[in-house]
Amino acid sequence: MVVGNKKRMTMEQLRQIIEAAWENRELIKEPVTAEAIREVVRLVDAGELRTAEPVDLEKSLWQVNEWVKKAVILYFPIQPMRKMQGGEIEWFDKMELKHDYDQLGVRVVPSAVARYGAYIAPGAILMPSYVNIGAYVDTGTMVDTWATVGSCAQIGKHVHLSGGVGIGGVLEPVQAAPVIIEDNCFIGSRSIVVEGAHVCREAVLGSNTVITGSTHIIDVTGPEPVTYKGYVPARSVVVPGSYRKQFPAGEYSVTCALIIGQRKESTDKKTSLNDTLRAFNIS
């Protein structure tokens, strides 16, 4: 590939330059390093590189591409601060915003904002919301009003992030997995998914469900409870809950999430969140 009169660097060359600059930050002052950093971020923005990617979607296995995350982090110090304006609204920041949504095939409602370096696939819909650098939002997904998608978060196909949902971001440590929401998930209003939590395909989170890396996610559908942490199995229907825990000062309720059932594979994936929860007598 050629950019202008220059040959585009291979992926291995990009990786070597990024790894060297990560170990020696003085290298970011060199034009070839800055060019490599910007090329990686361009590829992330275009969806040709990802900060994390599936290895086996059937088994919900993912890998973190640490060197890509390193490039995103190194992008900040090489970018100058500048003033940006939209009418009377003013910003002062290092990062460009995404543009040309008509060419990208993305519906964007005022005043949705996505940073350059976030991939938004054709067919996605951004209501007034925010998507940060390094994130990946796949086709058919709706990021609803006041929902946020944090840096490097991976959102699958035909996901509905309902109003006010908070999807956490992570850049450092570079080996840390980002939040992953797989295909066809429903994330209910005001739910929070952070700290690299992984929600597998077709799962349903009821409103106000909080999933962190340490949240107890308790499957209560069988004769004995089964507890997961930071991981929601495929097709699980999850609602907020609590359990009793003993502390030095006494026994108190601790927030958790309860798996109350399983979505059938035959269930229409376009069924609303409310309809899905009503099947389990949950409003």
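Determine which member of the set V41, V32 is part of a helix (DSSP H, G or I), in contact (Cβ under 8 Å) with a residue 24 or more places away in the chain and out of contact with any strand residue (DSSP E or B) (no Cβ under 8 Å at 6 or more places or on another chain).
Being part of a helix (DSSP H, G or I), in contact (Cβ under 8 Å) with a residue 24 or more places away in the chain and out of contact with any strand residue (DSSP E or B) (no Cβ under 8 Å at 6 or more places or on another chain) holds for just one of V41, V32, which is V41.
Checking the conditions here, which among V174, V170 is in the same structural domain as V149 (by TED's automatic domain parsing), modelled with pLDDT under 95 and in contact with a Pro (Cβ under 9 Å, 6 or more places away or on another chain)?
Criteria check complete, one pass: V170.
In region 149-177, how many residues are within 16 Å of T139 (Cβ to Cβ), touching a Leu at 6+ places or on another chain (Cβ under 9 Å) and not aliphatic (A, V, I, L, M)?
The qualifying residues number 2.
Go through (1) over 14 Å from the mean Cα position of the chain (by Cα); (2) among the hydrophobic types (A, V, I, L, M, F, W, C); (3) in a loop (DSSP other than H, G, I, E, B) and name the single condition A177 misses.
The one condition A177 does not meet is (1).
Just for strands (runs of 3 or more DSSP E) wholly inside region 57-111: which have at least 1 residues that are under 20 Å from the mean Cα position of the chain (by Cα) and not polar (S, T, N, Q)?
Here the list reads 61-64.
Can you report the number of residues in region 161-186 which are crowded, with 22+ Cβ neighbours inside 10 Å, under 18 Å from G123 (Cβ atoms) and in contact with a helix residue (DSSP H, G or I) (Cβ under 9 Å, 6 or more places away or on another chain)?
Adding up the residues that qualify gives 2.
Going by the conditions given, is V149 within 24 Å of G86 (Cα to Cα) and within 12 Å of the chain's Cα centre (by Cα)?
When the stated conditions are applied, V149 passes them.
What about V238, is it buried (at least 17 other Cβ atoms within 10 Å of the Cβ), out of contact with any Phe, Trp or Tyr (no Cβ under 9 Å at 6 or more places or on another chain) and under 22 Å from E58 (Cα atoms)?
yes
Looking at R25, is it over 30 Å from G123 (Cβ atoms), over 26 Å from the mean Cα position of the chain (by Cα) and surrounded by 11 or more Cβ atoms within 10 Å (Cβ to Cβ)?
Yes; evaluated as a whole, the condition is true for this residue.
Only one residue in A118, A147, A124 is within 14 Å of V44 (Cα to Cα) and either at pLDDT below 95 or of a type in the set (A, V, I, L, M) (or both), so which one is that?
A118
The values are calculated or read from the model by the stated rules, or taken from the named source; none is laboratory data. Keep in mind that what you see is a predicted model, and the values were worked out from it rather than measured. Heads up, the Cβs are rebuilt from the backbone with ideal geometry, glycines too, and the neighbour counts pull from every protein chain shown.
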